[in-house]
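So the structure is just underneath, and the comments pick up after that.
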Amino acid sequence: SACKNRPLDLVFIIDSSRSVRPEEFEKVKVFLAEMIDTLDVGERATRVAVLNYASTVKVEFPLRTYFDKVLMKEAVSHIEPLSAGTMTGLAIQTAMDEVFTEEMGTRPATFNIPKVAIVVTDGRPQDQVQDVAARARSAGIEIYAVGVDRADMQSLRIMASEPLDEHVFYVETYGVIEKLTSKFRATFCGANVCALGTHDCQQLCVSNGGSYLCDCYQGYTLNPDKRTCSAVDMCAPGRHECDQICVSNNGSYFCECHEGYTLNPDKKTCSAMNPCAPGKHDCAHICLRNEGSYRCDCFDGYTLNPDKKTCSAVDMCAPGRHDCEQVCVRDDLFYTCDCYQGYTLNPDKKTCSRAITSSLVTNEESCKCEAIAALQDSVTSHLEALSTK
């Protein structure tokens, strides 16, 4: 019997691929007819469309065509299978593009009429269904997935809306698909205060039998009045997964890292980065890593300035900075050793030895030398004589 269900914009998406035998497809049409009988069909009540698919997709009739159950069931009885493949993703995309539009009878969003799609299939999609189903759900379409016989359960779960145990159904054969009529009746005909919009929840309404409970979005907590919500500190200890720094962000959070670390691709943990990598430091000469940070140093012949970043040239000949024995001579940033007059530099280029010199003596100088020697001998003899008296 019919129920006074809340108004819906309901689209049946039925698989008529080669794997669905003709007699099985007739069972699907019986299921559609019984569902139509159950619903409160009308222009201002529930509107129904049927989309038939295999390798191609055919809109059998849109939401704006029939508001009378008899005419609608008559149209269903004339639907023919398309055979060939199972392009479920294409079918859902076509429903979004060509059926769930105001031009084709979908009521404006301001009417708050739920948009519902029921997909009936017995196989595995031959195209990518995950992304298109996600876009459909994001567009506000509630998806029920009905699997029959060889249907791939994982694909059904990928398509369906949450909670999955309320949106994924399975029957062993098309011969018993009519059993699902009662389940959909309970779903669509039950008193759903949340769907009717008569609740006073600030954020989320959760149906609870003939009543409801209020809940909050992630990052919020239910206030004592059980209706309104307040933002919680997502960065409180134990509430986040950040490795180092948690930053609150309007009921959510994001992670950051301490200086000297970089955020990993998981957006939670941190890894020490190389602070001495090009462009990461401000050292004039040498950058030395130091426990996640760095310090600056200078090349040989330079000294670090008080700013701990830049360097100045030093005097390589300053005391204690060289190993020359006698004379240090600066040469740009280096030095060489030299010796005093009368000395010569040894092969080690550091120490010095007295120089050995020779000269030519003239006859005149030789005579002078002999005279001086004779005088010295005479003086010496005279002194010795005096000392004996």
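The values are calculated or read from the model by the stated rules, or taken from the named source; none is laboratory data. Since the structure is predicted, the reported quantities are computational estimates derived from the model, not experimental observations. As a convention, Cβ positions derive from the backbone with ideal geometry for all residues, glycine included, and neighbour counts pool all protein chains shown. Quick note on the areas: whole protein, heavy atoms, side chains included, nothing else; ligands and nucleic acids left out. Shrake-Rupley method; radii C 1.70, N 1.55, O 1.52, S 1.80 Å.
Stretch Asp97-Arg18 to full length: gain in nm at 0.36 nm per residue minus the Cα-Cα span?
Additional length available on full extension: 25.9 nm.
Taken along the Cα-to-beta-carbon direction at a fixed 7 Å, the label points for Ala109 and Gln130 span 2.7 nm. Given their separation in residues at 0.36 nm each and the Cα-Cα distance between them, Asp266 and Leu375 gain 28.5 nm when the chain is fully extended. Averaged per residue, region 317-356 has 78 square angstrom of accessible surface, using a 1.4 angstrom probe with ligands and nucleic acids left out. Scanning the chain for chymotrypsin sites (Phe, Trp or Tyr not before Pro) lying in DSSP loops with no more than 15 further Cβ atoms inside 10 Å, the longest uninterrupted stretch between such sites is 1-216.
Within region 262-346, the trypsin sites (Lys or Arg not before Pro) that combine a DSSP coil assignment with at most 16 other C-beta atoms in a 10 angstrom radius are Lys267, Lys268, Lys280, Lys308, Lys309, Arg321. For region 1-60, give the percent of accessible area contributed by carbon and sulfur heavy atoms, probe 1.4 Å, rounded to a whole number. C and S atoms contribute 46 percent here. Within the accessible surface of region 108-242, defined with a 1.4 Å probe on protein heavy atoms only, the carbon and sulfur portion equals 49 percent. Think of each Lys and Arg Cβ as +1 and each Asp and Glu Cβ as -1; about the Cα centre, that makes the dipole of the chain roughly 1240 debye.
Here is the link list: Lys29/Lys183; Lys27/Lys179; Lys29/Lys179; Lys27/Lys183; Lys115/Lys226. Which ones come out longer than 21 Å on Cα distance?
Lys115/Lys226
With the alpha-carbon atoms of region 317-356 aligned to their principal axes, the span from lowest to highest coordinate is 34, 16, 16 Å, starting with the largest. Amide H to amide H distances under 5 Å link Ile118 with Val11, Phe12, Ile13, Tyr144, where only residues 5 or more positions off or on other chains count and H is placed in the peptide plane.
For region 80-151, the solvent-accessible area with a 1.4 angstrom probe is 45 square angstrom per residue.
Take His258: with every protein chain present and a 1.4 Å probe, its accessible area is about 90 Å².
Annotation for region 206-280: GluC sites (Glu not before Pro) lying in DSSP loop with at most 14 further Cβ atoms inside 10 Å of their Cβ are Glu241, Glu259.
Distances between placed amide hydrogens fall under 5 Å for Tyr261 paired with Met273, all partners being 5 or more residues away or on another chain. Of the whole protein surface, Val132 contributes about 10 Å² of accessible area at a 1.4 Å probe radius.
Backbone phi angles across region 51-66, fed through the Karplus curve with coefficients 6.51, -1.76 and 1.60 (θ = phi - 60°), yield HN-Hα couplings of 10, 10, 9, 8, 6, 10, 10, 10, 7, 5, 7, x, 5, 8, 7, 10 Hz in residue order; Gly and Pro are listed as x.
Rg/Rh for the chain stands at 1.64; both radii use Cα atoms, and Rh follows the Kirkwood definition.
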